[in-house]
Amino acid sequence: MKFFIDTANLEQIHKAQSLGILDGVTTNPSLMAKEGVKGLDNIYDHYKAICNIVDGPVSAEVFANDLDGMIKEGEILHALDPKKITIKLPCTEDGIKAVKYFSEKGYATNCTLVFTVGQALLAAKAGATFVSPFIGRLDDIGSDGIALLKQIVDMYNYYEFDTQVLAASVRHSRHILRCIEVGADIATCPLNTILDLVNHPLTQKGVEIFNKDADKMR
Ligand code: G3P
């Protein structure tokens, strides 16, 4: 399974990149706003800075809600780094049309805010490169995000869609382990959630014991 980091924070992206396991980045307007980036020029520069750190896809979300606006913004975003930028589009009627438009041009797209198998089917039929089911937000309302993820993975396998399932709204390391179990292609996670996978008290304790015994031999 691939790991993307779900942040627009350059320091955190650097840190994840330095681990050597980072496959890409996802951002959204809320994550960009959190970094205090203001004004279109600065926003575009910020995406370029992210692309310069990471050797992989970088999802940049359109702000527009209408098809014309999505197309205009998507073209600008794509031009920032045609090899790395993935145009992130919401799973709305206009969003699906925009996915189709960009997929026909060969541009990478990420169809986001997906909460049902039906939405995932439409995203794949429109040619999305990635589909982003928000598993944490479904759990928040008492639904089952991982169950949806599995349904999408199974449906894509059954119909042999190329669209990759990108588990989003990942909140804790248990979510990541469940993403692996159901066969998600990618999990996009906050840095802390990725680091939680590394750390185990028995690993730490084992290192301390080995250090003491190594000292005895020095
Ligand atoms: O990738 C989408 C993600 O940023 C949403 O996460 O925690 O806001 O539901 P969250």
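Ranking Met70, Met155, Met1, Met217 by solvent-accessible area of protein heavy atoms (1.4 Å probe, all protein chains present), from largest to smallest, gives Met217, Met1, Met155, Met70. Using a probe radius of 1.4 angstrom, the carbon and sulfur fraction of the accessible surface of the chain is 52%. Under 18 Å of direct C-alpha separation, and excluding same-chain neighbours fewer than eight residues apart, Lys97 reaches these lysines: Lys72, Lys88, Lys105, Lys125.
Candidates Pro190, Ile209, Leu166 compared by Cα position along the dipole of the range 160-218: farthest toward the positive end lies Ile209, with charges placed on Cβ. Considering only Val37, Pro82, Ala98, the residue lying farthest towards the positive end of the dipole of the range 2-217 is Val37, judged by Cα position with unit charges set on Cβ. Placing pseudo-labels 7 Å out from each Cα toward the beta carbon at Tyr159 and Lys2 gives an inter-label distance of 2.1 nm.
Hydrodynamic radius of the range 101-218 by the Kirkwood approach over all distinct alpha-carbon pairs: 16.0 Å. Counting only Cβ charges, +1 for Lys and Arg and -1 for Asp and Glu, the dipole size of the chain around its Cα centre is about 500 debye. Note on the chain: GNM, Cα springs under 10 Å; of Asn192, Asn42, Asn28, the largest mean-square fluctuation is that of Asn42. Looking at the chain, the accessible area is 52 square angstrom per residue; that uses a 1.4 Å probe and ignores ligands, DNA and RNA.
Using square roots of five times the C-alpha gyration tensor eigenvalues, list the equivalent-ellipsoid semi-axes of the range 2-217 in whole Å, biggest first. Spell out each step's value before the answer.
Details: eigenvalues 211, 98, 40 Å².
One finds semi-axes of 32, 22, 14 Å for the range 2-217.
The values are calculated or read from the model by the stated rules, or taken from the named source; none is laboratory data. Predicted, not measured: the structure shown is a model, and the values here were computed from it. Cβ sites come from the backbone with ideal geometry, for glycine too, and all protein chains shown count toward neighbours. Surface accessibility is based on the protein's heavy atoms, side chains included, excluding ligands, DNA and RNA. Shrake-Rupley method; radii C 1.70, N 1.55, O 1.52, S 1.80 Å.
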